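Everything on this sheet refers to the single structure shown next.
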Amino acid sequence: MTPFSTDRRHFLAGVGAVGAGALLSACVTQSSSSSPTSQSSSGPVTLQSNLSSPQAKAALEAVIAAYDKKGGSRAQLNTVASETFRTQLPTYLTSANPPDAYTWYPGSVAEAYAKQGLLLDLSDLWQGPDLSRYSSAMRDLCTSASTGKQDFVPTDYYWWGFFYRKSNFAKWGVQEPTTWNEFLALCQTLKSKSVAPIGLGAGGGTAWVASAWFDYLNIRVNGATYHRELLAGKHSFNDPQVHKVFDYWGQALPFFDPNGTALAFQDATTSLLEGRTGMMLIGTFFADAAPKDALGDLDFFRFPVIDPKVPLAEEAPADGFFASSRSAHAAGVKSLLGYFATAEAQELYIKNSSGTVLPTHPDAKDNGTPLVVKGRKLIASAAQITQFFNRDSSDALQPTADTALVHFLSKPKEVNTILTTWQRDAQQIWSK
């Protein structure tokens, strides 16, 4: 997996914000299958999943069904709404009777749980026939800095970009921009055609979508190294460099959908597909909620160049699974996660989903569509790879970004106060 350069900071974390979390029982009532009862060592392996969009859920169900047919241990899938899962994850992991395995992210977020001794050691899996062939960069991403052990199985990765419908761009007579000035000119053209140029989707519990704008503007203005250092607490959110990021963002604000902070990203996706907005900075996961017949009409362009002297970094988060160290089914968990690590399982997932993710297994094939080929080239050409705000920092820091960025979107003239407050709130997290 060459896209994941070793110099990039291990990040991750259940991306998102992840607050303290509701009760574990809530996940049971919202599961897609019968709720797990007591964790006896003879029961099925319980897999808690946040893949709740129809196509992603169906794809994971197909993989689980294929695993169960192989005999041996069995898996019980519990699907929870993504935002609910994100807030409940800390509670899952610290409960006396936790689910066995979880969909989530490697790097910094996983590291936060590893430091607490909450994750199952999966090092022996990484000696097996599949994971031992993964790249050293991917192995490093899944290795805890505090324990030196591998605690994560990555299965796919994806990219972010400005997505749009090719038919709409053709209808509007516009083309992909490459520079910031070209991007602003494109926005002006779309606005003149009574189209909201930029969709967002930072409402309805998905405020974290706005972090993509901060991430990309920061890596385009100040570079990926500064960005990672900022999220690690080595710089201040009130630095002049960060103010410059918001100066550029302010140039684009007049072109955002006025409903951008009211709609969840799923609804913003609908606006994009129906042509009410022109484009949207989002990850390929949004396609799991798109009609199959629309996938061939989707295209994207990279976040425009702002400063040609700044190396072009791209966001390419990895996804996969970790497990509870308190699981009563350690052997079954490793059997299941070992299957997820195979080319067979990853190709099966891609076949049954929107097909816009890229597999981590070196032998697994992606779906080969023009969109995926273009995405793979984008990541392969990147000077550096970042993940996402919370993935490059921590789940605990994400809510500070949500608050600051939504405030900026509604009251940009208060940016000085916003950044001062953001730094204060972030410092409280970093000092813990």
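The values are calculated or read from the model by the stated rules, or taken from the named source; none is laboratory data. Quick caveat, the model's predicted, so the values are computed rather than measured. Positions of Cβ are backbone-derived with ideal geometry, glycine not excepted, and every protein chain shown enters the neighbour counts. Areas reflect the complete protein model, heavy atoms only, side chains present, ligands, DNA and RNA absent. Shrake-Rupley method; radii C 1.70, N 1.55, O 1.52, S 1.80 Å.
Data table
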{"item": "For residue 303, distant residues with modelled amide H under 5 Å away", "result": "162"}
{"item": "Accessible surface of residue 200 - all protein chains present, 1.4 Å probe, nearest 10 Å²", "result": "10"}
{"item": "Hits among lysines - C-alpha to C-alpha of residue 377 under 17 Å, sequence gap 8 or more where chains match", "result": "365"}
{"item": "Alpha-carbon centroid distance for the pair the stretch 80-119 / the stretch 382-416, whole angstrom", "result": "21"}
{"item": "Using alpha-carbon coordinates, inclination of helix 415-430 to the longest axis of the chain, degrees", "result": "20"}
{"item": "Partner lysines for residue 334 [C-alpha distance under 21 Å; skip if fewer than 8 residues away on the same chain]", "result": "69, 70, 115, 149"}
{"item": "Local net charge near residue 361, Cβ-Cβ under 15 Å (Lys/Arg +1, Asp/Glu -1)", "result": "-2"}
{"item": "Qualifying lysines (Cα of each under 22 Å from Cα of residue 411; at least 8 residues distant if same chain)", "result": "191, 244"}
{"item": "Top positive-direction residue, dipole computed over the chain with Cβ charges, set 88, 119, 397", "result": "397"}
{"item": "Helix 330-340 axis, angle to the chain major axis (alpha carbon atoms, nearest 10°)", "result": "50"}
